[in-house]
Amino acid sequence: MPPIVTIRVFESCNELARSAAERIAGLAAEAVDRRGRFVVALAGGTTPRHTYERLAAVPLRDVVPWADVHVCWGDERMVPPTDEASNYRMAHEALLKYVPVPASQVHRVPTGCGAPERVARTYAATLHDVFASTEGNVPSFDLVLLGMGADGHTASLFPHSAALDEREQLVVAPPELVQGVRRITLTPPVLQHAREVMVLAAGAEKAAALRAVLDGPDAPHAYPAQLLRQAHGAVTWFVSHPAKEFTRCT
Ligand code: 6PG
């Protein structure tokens, strides 16, 4: 059954970030109320960062039941957690240092603990622990938050990567370097199994990719975000108005 897809268009990055933060806060409160916890996979990127900053500020900071939130990452760069390129560092600086998520519930990708392939295996085991799932079962995040690049990549699933065809592993370390660095990424099955996926895509430079991903013919190897067409849950796109010239979120 195809996913329930909602496309929300905003006139500015600020409005997009505010609305996305409100949606995340609402999903968190609902998940905790219904299931006792909220397990989210965060994304890297400037658009997600703006959203985290709003979650860290009143009033949303006081809405989210942080004590029952588990934070994971949809992808990470193979750099130390203190590195400026680290998605963990970005989320910590924009959000986590301001809100009371228990440290035991912040599940950082353990970069620095061996080769990329070993880090991927370790993180997959972490996900099985968090979800009390076993090998072969695909965990279902309450929310997977994603950005999208101008090339249609999402998480660290880049065009023509072998990772796009991964259907068994939960986490992989694609062989290609991105800006000189290896990446760790959740695989398509994990993204597709989420109860909800939110994709944040702002900036005129993404308009062409957005049109290809949302309306173009099936070409997920060229536009990896098209993998969300096979999502099991809801997919909500938060986009800046693609027809209008916007400067990139800064
Ligand atoms: C990363 C992200 C990546 C990002 C997109 C969008 O590690 O870089 O996970 O998928 O979300 O590239 O980034 P911007 O919002 O900065 O364009």
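Things worth noting here:
- Test: A212 is surrounded by fewer than 18 Cβ atoms within 10 Å (Cβ to Cβ), of a type in the set (A, V, I, L, M) and part of a loop (DSSP other than H, G, I, E, B): no
- Consider the stretch 32-54 and keep the residues that are surrounded by fewer than 23 Cβ atoms within 10 Å (Cβ to Cβ) and away from the ligand (no atom under 16 Å from the Cβ). The one that is nearest to A124 (Cα to Cα) is R37.
- Residue in the stretch 64-82 that is surrounded by the fewest Cβ atoms within 10 Å (Cβ to Cβ), counting only those that are within 17 Å of L143 (Cα to Cα) and away from the ligand (no atom under 15 Å from the Cβ): A67
- V58 falls short on exactly one of the conditions (1) free of Cβ contacts under 8 Å to residues at least 24 places away in the same chain; (2) under 19 Å from the mean Cα position of the chain (by Cα); (3) surrounded by fewer than 17 Cβ atoms within 10 Å (Cβ to Cβ), and that condition is (2).
- Per the listing A207, A231, A202, the residue uniquely among the aliphatic types (A, V, I, L, M), modelled with pLDDT under 95, on the phi < 0 side of the Ramachandran plot and within 16 Å of the chain's Cα centre (by Cα) is A202.
- Filtered residues of the stretch 175-186 (kept if in contact with a Ser or Thr (Cβ under 7 Å, 6 or more places away or on another chain), surrounded by 22 or more Cβ atoms within 10 Å (Cβ to Cβ) and farther than 16 Å from G112 by Cα): none
- Residue list for the stretch 1-52, restricted to those being of a type in the set (S, T, N, Q) and either within 18 Å of A91 (Cβ to Cβ) or free of Cβ contacts under 8 Å to residues at least 12 places away in the same chain (or both): T46, T47, T51
- Of all residues in the stretch 144-167, exactly one satisfies the criterion of being among the β-branched types (V, I, T) and within 9 Å of the ligand (Cβ to nearest atom), namely T154.
- Residue check for P100: within 30 Å of V58 (Cβ to Cβ), away from the ligand (no atom under 16 Å from the Cβ), modelled with pLDDT of 95 or more and over 15 Å from the mean Cα position of the chain (by Cα): yes
- Scoring T111 on the criteria (1) within 16 Å of the ligand (Cβ to nearest atom); (2) of a type in the set (S, T, N, Q); (3) within 17 Å of L191 (Cβ to Cβ) leaves a single failure, condition (3).
The values are calculated or read from the model by the stated rules, or taken from the named source; none is laboratory data. None of the values given here were measured: they were computed from a predicted structure. We place every Cβ from the backbone using ideal geometry, glycine too, and count neighbours over all the protein chains shown.
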